[in-house]
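Chemist: Have a look at the structure that comes next, please.
The values are calculated or read from the model by the stated rules, or taken from the named source; none is laboratory data. Model, not experiment: these values are computed from the prediction. In case anyone asks, the SASA skips ligands and DNA or RNA and just uses the protein heavy atoms, side chains included. Shrake-Rupley method; radii C 1.70, N 1.55, O 1.52, S 1.80 Å.
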Amino acid sequence: MEITEQPMQVTFQNSHFQQALEMRKAGVRINDATMVRYSNLSDKSTVVQHDRALQARRSALVKQFAMAAMAGDEEGKSEAREAIASFNEKNPNRRIQAIQLAQSVHQREKRIRGAKEGVYLPSKRRDSMEAGRFANEQ
């Protein structure tokens, strides 16, 4: 993949990019996808698609481990760890850490415990359950 720059023009988008660069230098966390969107790269969509694909792969690996852990599948956990090690080696900036795996398992178990009538909603949004209650009343 060859990435080239388009000639810079004074535009609203370029102004955003310069501001984002300055904010990043000052320590403000701005994600890479946002930086690419406001950049002068001619093939932004390829970069964004690659970013999304890496993030999807990362999420799938975390899910694979969590599901194996919740099922008590030691072989599945081992396979997931091997795949994660390979991913981490190729993508050190997106490293999957053990604490993140533990958090994923914990959050999934919390959602399962908190499910009411097969639906999980955070406690602040439980009022939405009323919208579906009519289907259960007879």
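Chemist: Over region 30-105, give the accessible area per residue in Å² for a 1.4 Å probe, as an integer.
Modeler: Normalised by residue count, the accessible surface of region 30-105 is 61 Å².
Chemist: Sticking with this structure for a sec: Please compute one quarter of the surface area of the Cα convex hull for region 20-117 and express it in square nanometres.
Modeler: The directionally averaged projection comes out at 8.9 nm².
Chemist: Below 8 Å between Cα atoms, with a sequence gap of 6+, how large is the relative contact order for region 11-128 in percent?
Modeler: Taking the mean separation of contacting Cα pairs over the length of region 11-128, I get 16 percent.
Chemist: Can you send over the carbon and sulfur percentage of the accessible area for region 16-63, probe radius 1.4 Å, protein chains only?
Modeler: Heavy-atom surface of region 16-63 belonging to carbon and sulfur, 1.4 Å probe: 52 percent.
Chemist: If you don't mind, there's one more thing I want to ask. For region 64-131, report the % of Cα-Cα distances exceeding 20 Å.
Modeler: Here the tail beyond 20 Å accounts for 44 percent of pairs.
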